[in-house]
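Take a look at the structure set out below.
Derivation of every value follows stated rules applied to the coordinates shown; laboratory data play no part. Everything quoted here is computed from the prediction, not taken from an experiment. A quick note on method: Cβ atoms are made from the backbone with ideal geometry, for glycine too, and the neighbour counts reach across all protein chains shown.
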Amino acid sequence: MSDIKNFIASQKEALLEELKQWLRVPSVSADPRYKEDVVRMAEVVAESLRKAGADQVALLPTGGFPVVYGEKIVDPTAPTVIVYGHYDVQPPDPLELWKSPPFEPEVRDVSPGFSGNIYARGAADDKGQVFIHVKAFEWMVRHNALPCNVKFMIEGEEEVGSSHLASFLQENKERYRGDVFLISDTSLLANDVPSITVGLRGLAYLEVEVTGPNIDLHSGVYGGAVPNPANVLCRMIASLHDERGRISIPGFYDDVVELSSEERRFLAEAPFDEKKYMEELDLAGLWGEEGYSTPERASIRPTLDVNGIWSGYTGEGAKTVLPAKAFAKISMRLVPHQDPDKISALFARHFQEIAPPYVKVKVRPHHGGWPVVVPMDTPEYKAAERAMEETFGRRPVPVRGGGSIPIVALFEKVLGLKSVLMGFGLDSDAIHSPNEKFGIFNLLKGIETVPAFYRYYAELKKGKS
Ligand code: BES
Ligand code: MN
Ligand code: MN
């Protein structure tokens, strides 16, 4: 079926132009200043879906930002694939580090051997990857090559924890009856080493506040005699890891399932170049939990990281001040079977316990999400595997991902549906960072691969029943 290749080759410029329209909308869900743009983005996705030939296209209310819906029911007896993705993006700052503005997409890095990258916030996470599905769908509809029913669930709150989506799923169980979720919101190991994500980490995210005196003070007049909440917070945070790189919160590891050495050997087959990894990040060394490899530390092991920390004076020059308060945002990545609420509670209790008596501590939980493990002995995994093998010319390797997509666990809990995580980005795409990009190769390869997935999935499901 090289027809799709013709479509891609002949439509390349038009595809890029339409994706650029998507990328120009600053749909930052975390920042209330962008509220109207987030809703406008939902409309832009809906418009592309309508143009692509989807029926019943609508913005479904959630209590937060809407879910973009669309469907094509080709045959009630055929399997139904639900495409999940998100149209919201992370905040673009620090703005000064972007080579081209985050919402003015630009193609760069074109060379004789490489088709270039498109730079913009959301290019890889997740607009470019949602776009893949819309365009592959369009091609299948136009060419009568859609062997499955399709339903879309493109949400606008993934980057802020999908908090309204749980009740949305409850209320829309009927609408989202189907067989499997197909999700492109993860990465490949490399463009010549295709991979399928078979696990995601869970997440517990909290904010802490440490209070010393009731007002900012002169650090000379009071310093040395009054507890400094910034100093205290740093000590508290430093104590959360031991010298072996393990998290020292009592009970933190209680529910962690250790992988068998066979499972670890299996996952270690995915190629990894530690030297290159360090070079790309300009690192002189790596740090992590003793006894685990770098890929293991970033996938099958739980973590605790400060995501932001602030206190006192952080402007230009120096101001001699002993701050009244210090804050930090802390994330913990979780592995199967760690419960995000339980871990948040353990953290909160421990953090109160280690606080010295001369400060006050507040802990506020933010969002959380359960970890996910994707089984490989299913028609959907095999379909993804065969599709990628066909289009990349190499069998994809299974990898556990380190990131989180909080709603995926609920697809199974609420709707009873498994997911297949067939992402086309690269870890080097700088998602959530300045200069986020998405390879044109990845975009086009994705559009080529998705129809192959549907074809194999329909075949494998038929064979089974
Ligand atoms: N697409 C990412 C998750 C991801 C990226 C998984 C790469 C695997 C590989 C997603 O948009 C994301 O950023 N999730 C957040 C969740 C949070 C905001 C609730 C994350 O992992 O930090
Ligand atoms: Mn994403
Ligand atoms: Mn993201």
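When you work out D = kT/(6 pi eta Rh) for region 18-96 at 37 °C and 0.692 mPa s, using the Kirkwood radius from C-alpha pairs as Rh and the Stokes-Einstein form, the result is 235 µm²/s. If you wrap the tightest convex hull around every Cα atom of region 104-241 and split its volume per residue, you get 273 Å³. For region 193-285, the orientation-averaged shadow of the C-alpha convex hull comes to 11.0 nm² (one quarter of the hull surface). The lysines within cross-link reach of residue 135, meaning a Cα-to-Cα straight distance under 25 Å and a gap of 8 or more places when in the same chain, are 5, 12, 20, 51, 72, 127, 151, 382, 418, 437, 445, 461.
Taking all C-alpha pairs of region 325-465, those more than 24 Å from each other amount to 51 percent. Restricting the calculation to alpha carbons of region 61-174 gives Rg and Dmax of 17.4, 53 angstrom. Neighbours of residue 255 by Cβ distance under 13 Å: Lys/Arg scored +1, Asp/Glu scored -1, total -3.
Every Cα-Cα pair in the chain was counted, and those over 40 Å apart are 23% of them. Each principal axis of the Cα cloud of region 100-158 was evaluated for its coordinate range; sorted largest first, these ranges are 39, 35, 14 Å. Each Lys and Arg Cβ is given +1 and each Asp and Glu Cβ -1; about its Cα centre, the chain then shows a dipole of about 520 debye. Between 68, 327, 149, whose Cα lies farthest towards the positive end of the dipole of the chain when Lys and Arg beta carbons carry +1 and Asp and Glu beta carbons carry -1, centred on the Cα centre? Positive-most Cα among the choices belongs to 149.
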